[in-house]
Amino acid sequence: MPELSHDFEHAAVKALGNQQLRTNFRRVMTGLMNKRAAQFPDPDELQALRSRGKSIKDRALAKLPDLLVQLEQNLIANGIQVHWAESVDEGNRIILDILRKANAKSLIKGKSMVSEEMHFNHFLEENNIRALESDLGEYIIQLAGEGPSHIVMPAIHKNKGEIGKLFQEKIDGQGYTDDPDELTAAARRVLRQMFANADAGFSGVNFAAADTGSLVLMSNEGNGRMSTHLPSMHIALMGIEKVIERLEDVGPLISLACRSATGQPITTYVNVISGPRKAGEKDGPKEVHLVILDNGRTRIYDDPQLREGLRCIRCAACMNHCPVYTRIGGHAYQYTYPGPIGEILNPQMQGIEKAGDVLHASSLCGRCAEVCPVKIPLVDLIVRLRRESIRPSADAVKGGGSRKSGMENVIWFGWKTMYANPLFYRWGTWWLRKIGNLMPAGLPLLKQWTSVRSKPQFASRSIYDLARERGIRDE
Amino acid sequence: MSNARSAILERLRKAPKKPVPDLAPWSPYKTTTEQPLDRFRRLMGAVKGEIIDTKRADLAETLRKVLADKQAKNLLYAPNTEIGRTIDAAWATEPGPQLVAYDKPMEELKSLMINDIDAGITSTMGAIADTGSLIVWPSAEEPRLMSLVPPIHIAVLEASKMYDSFSEAVGKLGWNKKPPGNTLLISGPSKTADIEGILCFGVHGPKQLVIILITD
Amino acid sequence: MPMSKNPLPGRPDTVYYFPTCLVDLFYPEAGMAGIELLKRAGTTVVMPGQQSCCGQPARNCGYYEEARSVARAQLAAFPKNWPIVVPSGSCAGMMKTHYPELFKGMPELPQVQAFCDRVFELTWFLVHVMDIKLVDKGEPVRVTWHGSCHSMREMGVVEEPKDLLRSLSNVTLVEADYEKECCGFGGTFSVRLPEISAAMVTDKVNNIVATGATQVVSGDMGCMMNISGAMKKAKAPVKGRHIAEFLLERIGRGDA
Ligand code: SF4
């Protein structure tokens, strides 16, 4: 039997014990929820926009192979070089080759969750290329040697005091301050020099428009622009699901993403890249590359229901609104993506045997699906993957069936036997009423329940008895 | 072509087909009660973009005031543009802060730009009322970095070039025909909330965005 | 005139009642109160003895086959074409929105769909179908509301129960912070990840206590079992009630 990972619960319990962390997350996520709500005063407008967003992405997914080809053709026509990678290793390898060919020793990075999937920084370091994150949040966690705890605000688990100490320790000549403006200025100073000197720039992609062959990047800080305008080479990385049909469709998608993510109408910069520096132009990268990564996405695509998860535009609204995420933060989820979208993607990308335990990190309250700007039925997908983890349908998910448990099977068989048969139900509940209240609170399940709750009391009479007595018809 | 490409495309083509849905009905933002320019002002103001109204003939004087106000010692400008020529003419009669022309490849100007320039001035293609955004299309004459690297970005906007929405701008500007290598929406100065969710301005891009609005 | 949301031709003479297994086992009086309200609103209530549980626990854990077996028993228990009223948004949500998924691709799907269309949450039914009017006979009281996640998000029941509470002249309804956030019950979630569930219900209780209400009312006994249990353990001065029981008490149990 393969060994299962149960790290999620340990990490979550540890996070719950960290009061500072919980306060930080609660405060910031509440702020984000309120700001989002303020952006959508008109529920009809919100629903129309969500439907539009969903249909844009669904159209793109329905035509995905053709659109990728069209995108590639237009990118090449625009002078952008296109590369394809099936796996994380291949993706890393391709980028390393590009860098080596250009003799590049350093890389300045804009934000890219896909590069987190690839453990890209680590890979480059191993190959003696320095990769420096330039998004402030990413820069902070890179200095701290940590991973992101949120897909939009990666360093949100740290407070300004911790960041102050980190900067004092890691940045030459930097004294201690916990003033966010001063900390931001310090990062600006360091990173400006890096932008100027780095051999290559790197970025993710928010949307790729097939009709014009354009890569669309959103950023507030301007680091996305710095990374893609200043160095003489720009390498962009995206998952296959980022392509959409038309540049024009970027409008509603940006609106959905920004308003859902941080409650702003739009990010400060929307950077549309449709080619490298042309003859006569004075700046811009001389080479632009796009790496298109699969890493399990075609497998997700292969299942019509699971495919819905590929609509994701990485806005983070689902985690901002998740009552579990808000309490434990992002690190407990172990793999690249935290929160509800992580519960869907991590088990599919890493395999259920490795990352399946997060499937239970949800009370199925449905808030994520309610706010998701592209209407991904996150809860239904979580339940579907729970099913795959115990009773796999043919080859749908890596590690399907690896969470089968004989014990659970027995429990659910017993449950079914009792509840599917009216006679057994009457009989079983009669016994529960008789002896249920005698069960000691230390029994498994009851023990967990009574940690913060009193023991529930079985009623002495069944509602069916009471009803008969009071003249309610049974037919 | 690589194996990865054909393998990926083949897997996608073999996957179950789903019908291509129609785009769900939705119409881009249209100004109704609030005038487009008013909305633009409101949204730009909310993200700390400053707007200064002026007449076409007073552009250079207004620019002088802005530079004095912001205590800018120098200005990165594009000499071969209408704005550039206006500035050159005005500065010829009465010199102002030092002018730095972006007239050679970035490599030759990089260190100066990164370290010593206070302000940069660019034109715009117009603005979008819906989101309060400037449309900026860098070009050979007016390169990408002018609106990015200097701590103060001064953008000249003609009030007549207001679009309701991005969709409208895409159509009217022919953005989806053959777009230049880099096109931008800019909605305020650079900002971040990465430290405890607290808003700070001027992370990597400009700390200040000043819009000179030509009203005639 | 606001458009009627009633999908039925009018007020039905007879309705089925699905009290849920949780109510049967732990809170039969809350279930009886729901029956009483329906009767007072002018309909005959029939409660088939052949029913048991909606099957949600198994479905949520991915045990579709077991859930389907149990669902089949419910489909058989309500043969007539009467509406099925459920004093729980969560169980109603399971039957209405998830049964079709359990029977996807099976010959009985059309029948299942017809069954789903008959399922209603109690307060929604009282408001939109029965157009119930309540006359408050109780002492002044301050209460707060907890809406269950599935009731709100699967059944679309958000304002109906609160409107009923607001229609009572002596009841002051105060909103708790994070009112629409999950209480941490989530069925098996509460015992699978007990620490997270505990953190959630503890926050929920604190927010409820902070309202100064003496009672917290809900339309789902699952949430209520969780919240009341935590309040009791924490010795919080707030009592948890099912909305049916609360309403019935306000309008007077005795008079029909
Ligand atoms: S799943 Fe939906 S809400 Fe979550 S990040 Fe993706 S788009 Fe946003």
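Label A:ARG93 and C:LYS104 with points 7 Å out from Cα along Cα→Cβ: what is the distance between them in nm?
Modelled inter-label distance: 3.6 nm.
Just to confirm my understanding: which cysteines in chain A have no other cysteine beta carbon less than 4.7 Å from their beta carbon?
Those would be A:CYS258, A:CYS312, A:CYS315, A:CYS322, A:CYS372, since no other cysteine Cβ in chain A comes under 4.7 Å of theirs.
Checking an interface number: how much accessible area is buried between A and C, summed over both chains, with a 1.4 Å probe, in Å² rounded to 100?
About 6400 Å² of accessible surface is lost on pairing.
Over 10 Å intervals from 0, what percent of Cα-Cα pairs in chain B sits in each interval?
In order of increasing distance, the bins hold 7, 28, 30, 18, 10, 5, 1, 0 percent.
Could you list, bin by bin from short to long, the percent of Cα-Cα pairs of segment A:357-448 in 5 Å steps?
Distribution as computed: 3, 11, 12, 15, 17, 15, 14, 9, 4, 1, 0 percent.
Quick check: at a probe of 1.4 Å, how many percent of the accessible area of the protein assembly as shown sits on carbon and sulfur atoms?
54
May I ask for the angle, rounded to the nearest 10°, between helix A:160-170 and the longest principal axis of chain A, with both axes built from Cα atoms and the value confined to 0 to 90°?
Between helix and principal axis, roughly 40 degrees.
What is the calculated FRET efficiency for A:LYS105 to C:ARG11, with r their C-beta to C-beta distance and R₀ = 56 Å, to the nearest 0.05?
The computed FRET efficiency comes out at 0.10.
If you bin the C-alpha pair distances of segment B:122-216 every 10 Å from 0, what whole percents do you get?
16, 45, 32, 8, 0
Angle, helix A:88-101 long axis vs. longest principal axis of chain A, Cα atoms, 0 to 90°, nearest 10?
10
For chain B, modelled as a GNM with alpha-carbon contacts under 10 angstrom, which of B:PRO95, B:PRO79, B:PRO143 fluctuates the most?
So, out of B:PRO95, B:PRO79, B:PRO143, the one fluctuating most is B:PRO95.
Hey, what's the Cα Rg ratio for segment C:67-127 versus the globular rule of thumb, 2.2 N^0.38 Å?
Dividing the Cα Rg of segment C:67-127 by 2.2 N^0.38 Å gives 1.07.
Give me the accessible area buried between chains A and B, both sides summed, with a 1.4 Å probe, in Å² rounded to the nearest 100.
Rounded to the nearest hundred, the buried surface is 7400 Å².
Would you kindly compute the Cα radius of gyration of segment C:14-129 and its largest Cα-Cα separation (Dmax), both in Å?
Radius of gyration, then largest Cα-Cα span, for segment C:14-129: 13.6, 41 Å.
List, in order, the whole-Hz ³J(HN,Hα) value for each residue of segment A:184-198 obtained from phi through the Karplus relation with A = 6.51, B = -1.76, C = 1.60 and θ = phi - 60°; use x for Gly and Pro.
So the J values, rounded to whole Hz, are 4, 5, 5, 5, 4, 4, 4, 6, 4, 5, 5, 4, 5, 9, 4.
Quick one: Debye curve from the C-alpha atoms of segment A:43-295, no solvent, what's log10 I(q)/I(0) at q = 0.07 Å⁻¹?
These q points yield log10 I(q)/I(0) values of -0.24.
Comparing C:CYS54, C:CYS21, C:CYS91, which has the greatest mean-square fluctuation in the GNM of chain C with Cα pairs linked when under 10 Å apart?
C:CYS21
Cα-based Rg of segment C:100-256 per 2.2 N^0.38 Å, rounded to two decimals?
Taking the Cα Rg and dividing by 2.2 N^0.38 Å, one obtains 1.15.
Which residue fluctuates most in the GNM of chain B (Cα springs below 10 Å): B:SER111, B:SER147, B:SER133?
Greatest mean-square fluctuation among the candidates belongs to B:SER111.
Can you give the FRET efficiency for A:ALA185 and A:LYS165, using 1/(1 + (r/R0)^6), R0 = 22 Å, r = Cβ-Cβ distance, to the nearest 0.05?
Plugging the Cβ-Cβ distance into 1/(1 + (r/R0)^6) gives 0.85.
Heavy-atom accessible area per residue, segment C:14-129, 1.4 Å probe: how many Å²?
Here the residues of segment C:14-129 average 27 Å² of exposed surface.
With each run of n ≥ 4 DSSP H residues scored as -39500 (n - 2.57), what mean residue ellipticity at 222 nm is computed for chain A after dividing by its residue count and rounding to the nearest 500 deg cm²/dmol?
Taking each H run of at least 4 residues, the total per residue is -14500 deg cm²/dmol.
Restricting the calculation to Cα positions, tell me the Rg (one decimal) and the Dmax (whole number) of chain A in Å.
Rg then Dmax for chain A, in Å: 25.6, 93.
Could you pull the Cα extents of segment A:53-144 along its three principal axes, largest to smallest, in whole Å?
In descending order, the Cα extents are 41, 31, 24 Å.
Using R₀ = 22 Å, calculate the FRET efficiency as 1/(1 + (r/R₀)^6) where r is the Cβ-Cβ separation of C:LYS133 and A:GLU469; round to 0.05.
0.15
Kirkwood hydrodynamic radius, the protein assembly as shown, all distinct C-alpha pairs: what's the number in Å?
Answer for the protein assembly as shown: a Kirkwood hydrodynamic radius of 30.2 Å.
The values are calculated or read from the model by the stated rules, or taken from the named source; none is laboratory data. No experiment lies behind these values; they were computed from the predicted model shown. No Cβ is skipped: glycine too gets one built from the backbone with ideal geometry, and neighbour counts run over all protein chains shown. Ligands, DNA and RNA are stripped out before the accessible areas are found, and what is left, the full protein with its side chains, is counted by its heavy atoms. Shrake-Rupley method; radii C 1.70, N 1.55, O 1.52, S 1.80 Å.
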